[in-house]
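The values are calculated or read from the model by the stated rules, or taken from the named source; none is laboratory data. Given the structure is predicted, the values throughout are model-derived calculations rather than measurements. Because the Cβ atoms are built from the backbone with ideal geometry, glycine has one as well, and the counts that use them run over all protein chains shown. Side chains included, ligands, DNA and RNA excluded: accessible areas come from the protein's heavy atoms. Shrake-Rupley method; radii C 1.70, N 1.55, O 1.52, S 1.80 Å.
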Amino acid sequence: MSSLQFNSVLLEISNSLSPDQLEQIKYLCHNDIGKKYLETIDSGWKLFQFLKEKLKLGEDNTDYVCQLLEKVRPDLSERLRNFDCQPENNENLPSEPERAKLDIATEMIVESLGRNWRKLGRKLGLSDTKLESISRRHPTELEETAVELLKEWRKSRGAEARTDDVITALRACNFNLTADKIEDKLSKLTCQ
């Protein structure tokens, strides 16, 4: 997501907030902002700008604002989450054959990853902030957590996402059985 697109969705969200809803959000985050600054904030975009300066909001860090919006305007929270998940365009996606391989790898990883999903996420280069965000979205569903983990990784890599990188990360985590299963399934598909 580009900075312009990110700022555009924040502006859209800001314009959708009523003055009363803005006050409710300010109340929810008053411990993080402080009374002195709260008095100067009279629009959603000013609040978002302040949260950016305090590193509570960024292109790869929307969880805090999503949580605030969830309490007041769940539809806007969902809008920000959905926008965060959308690829910018098809040029930022791997080739069709590579996407098919990644889908197969995802399916097999989801079946076997379990509680060790954070370890794989770190080996794939995802930040602890992103891993915590995934954990909060799916606190009890390990399969959904694994799907979200791989989706976030694919989004972060864009057109550079490769199945070989996933297999390498699995092996680095000593998840060799899962890596072997993926390689076997992919080799059977290429032989057909």
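A few remarks follow.
- LYS26 being part of a helix (DSSP H, G or I) and either open to solvent by 70 Å² or more (accessible area, probe 1.4 Å) or touching a strand residue (DSSP E or B) at 6+ places or on another chain (Cβ under 8 Å) (or both): no
- Residues of segment 43-76 that turn out to be crowded, with 20+ Cβ neighbours inside 10 Å and in contact with a strand residue (DSSP E or B) (Cβ under 8 Å, 6 or more places away or on another chain), as a count: 0
- Here the helices (runs of 4 or more DSSP H) wholly within segment 108-192 that include at least 3 residues being open to solvent by 60 Å² or more (accessible area, probe 1.4 Å) and more than 26 Å from ARG81 (Cα to Cα) are 163-172, 176-191.
- The residue pairs whose first member lies in segment 32-52 and is assigned to a helix (DSSP H, G or I), whose second member is among the β-branched types (Val, Ile, Thr) and surrounded by fewer than 14 Cβ atoms within 10 Å (Cβ to Cβ), and whose beta carbons are closer than 9 Å, counting only pairs six or more residues apart or on different chains, are LYS46/THR40; PHE50/THR40.
- Some residue of segment 81-95 being at pLDDT 85 or above and either closer than 19 Å to ARG136 by Cβ or out of contact with any Gly (no Cβ under 6 Å at 6 or more places or on another chain) (or both): no
For every residue, the table says whether it meets (1) closer than 30 Å to GLY44 by Cα; (2) among the aromatic types (Phe, Trp, Tyr).
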| residue | (1), (2) |
| --- | --- |
| LEU76 | yes, no |
| PRO94 | no, no |
| GLY114 | no, no |
| ARG118 | no, no |
| SER135 | yes, no |
| HIS138 | yes, no |
| VAL147 | no, no |
| PHE175 | no, yes |
| ASP180 | no, no |
